[in-house]
1. Putting +1 on Lys and Arg Cβ atoms and -1 on Asp and Glu Cβ atoms, find which of 135, 151, 123 reaches farthest to the positive end of the dipole of segment 108-163.
2. Show the residues, 5+ positions off or on another chain, whose built amide H is closer than 5 Å to the amide H of residue 46.
3. Once both labels are modelled 7 Å past Cα along the beta-carbon direction, what's the residue 263-residue 78 spacing in nm?
4. Tell me, what ³J(HN,Hα) does each residue in segment 255-266 have, in order and in whole Hz, if you take phi through Karplus 6.51 cos²θ - 1.76 cosθ + 1.60 with θ = phi - 60° and put x for Gly and Pro?
5. For residue 37, list long-range residues whose amide hydrogen, built 1.01 Å from N in the peptide plane, is under 5 Å from its own amide hydrogen.
6. Rank-order 138-149, 45-56 by packing density, defined as the average count of other C-beta atoms within 10 Å over each peptide's residues, highest first.
7. By per-residue mean of other Cβ atoms within 10 Å, what is the highest-first order of 153-162, 82-91?
8. Relative contact order of segment 76-189, please, whole-number percent, based on alpha carbon pairs below 8 angstrom and at least 6 residues apart.
Amino acid sequence: MKRKKSIPTGITVMAAILLLASCEKDIDIELKPSNPQLIVEAYINNLLPEYNYVVLSRSQDFFAPNFESLPVQGATVTITEGALQPGGTIAWNAASKTIMSEANVPGVPANFRNGVYFDPRLVTSPGQSLRGQPGKHYLLEIEAGGKQYSAITHLLPPLPVDSVTSGFPFTDDDGLAKLRITNHYKDPDTLGNRQMYYWRFRDNRSNFGWGGLNRSRAPGRDDLVNGEYIRLTHPQGFATGDTVNYFMASVTVDIWNFWDSFNKVRDNDGPFSTPVSLGNTIRGTDVLGCFSGLSLSSKTVVVR
């Protein structure tokens with residue numbers, strides 16, 4: 001989730017003003033300042049320790065000269081592992097609590113460091129750094145600006161990728177020969193899981209972060225494919241000889257719903273289109289965002 005311009009509620013009022021512009025009577029509508037929102041983008045996964053991070057930023061008021069969200073530095077951020085108990089409660093392991101910090105992690109671009117919190121052991125002892133465990137729950141706690149925020153996510157069992165193949169040749173708009181890749185896997189025979197897909201290839205290999213990878217999502221109705229064998233071909237085109245690192249993430253329904261709403265908001269055509277409500281998995285006041293538990297499996301394929 002890249003830092004984008006905040007979408008204030010005042011935009012809908014601006015639409016009403018435009019619709020009333022042809023009326024003879026002057027109507028004054030007072031636009032009240034909106035409360036800045038803490039924006040949280042947090043991840044925990046089982047394969048890529050350097051991709052376990054928390055991004056904090058704060059939206060600005062509609063009347064501010066710059067709508068861009070501002071990095072939130074100096075916050076207290078922790079992630080704690082827990083296990084589900086027979087009664088449905090979660091026993092949190094205090095010894096596992098990881099204090100995240102704005103560390104200068106090798107390989108992380110300088111412009112990705114302000115307001116981004118990592119496990120500092122990525123610098124001092126990478127082999128001991130935070131790594132999610134499938135089946136465990138994780139508690140995110142944040143103290144920023146004198147306020148407390150929290151979220152809980154769960155790592156599902158990873159869904160194995162049987163294979164990733166290439167094929168379906170076509171010519172793109174620039175006249176270049178391309179192929180598509182297909183993920184072969186079996187959907188679990190239990191309900192309540194969703195899949196998201198990420199891949200690293202020639203065009204994005206120098207990018208960092210989940211937002212820097214190309215991505216896609218499976219349809220939201222798990223019951224339609226429950227227990228079925230799936231061959232999912234992505235529309236992305238790849239050049240012959242390109243190496244694709246492919247990741248499939250099993251996620252809980254609330255995480256899938258958040259990213260579904262995020263994509264709909266991002267693709268929204270403005271104030272005259274159908275209104276879209278952005279989801280939220282973070283507890284607290286004046287906060288939006290998601291703590292995403294990604295249970296990953298991966299394959300690498302050379303396109304040919």
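1. Farthest towards the positive pole: 123.
2. 132, 296
3. The two pseudo-label positions are separated by 3.6 nm.
4. 5, 4, 5, 4, 5, 5, 5, 4, 5, 5, 5, 4
5. Amide H neighbours of residue 37, under 5 Å, 5+ apart: 59.
6. Those peptides, ordered most packed to least, come out 45-56, 138-149.
7. Highest to lowest by the protection proxy: 153-162, 82-91.
8. Result for segment 76-189 is 20 percent.
The values are calculated or read from the model by the stated rules, or taken from the named source; none is laboratory data. From a predicted model like this one, the values you see are computed outputs, not experimental measurements. Note that we place each Cβ from the backbone using ideal geometry, even for glycine, and neighbour counts take in every protein chain shown. The accessibility values were calculated without ligands, DNA or RNA, using every heavy atom of the protein model including side chains. Shrake-Rupley method; radii C 1.70, N 1.55, O 1.52, S 1.80 Å.
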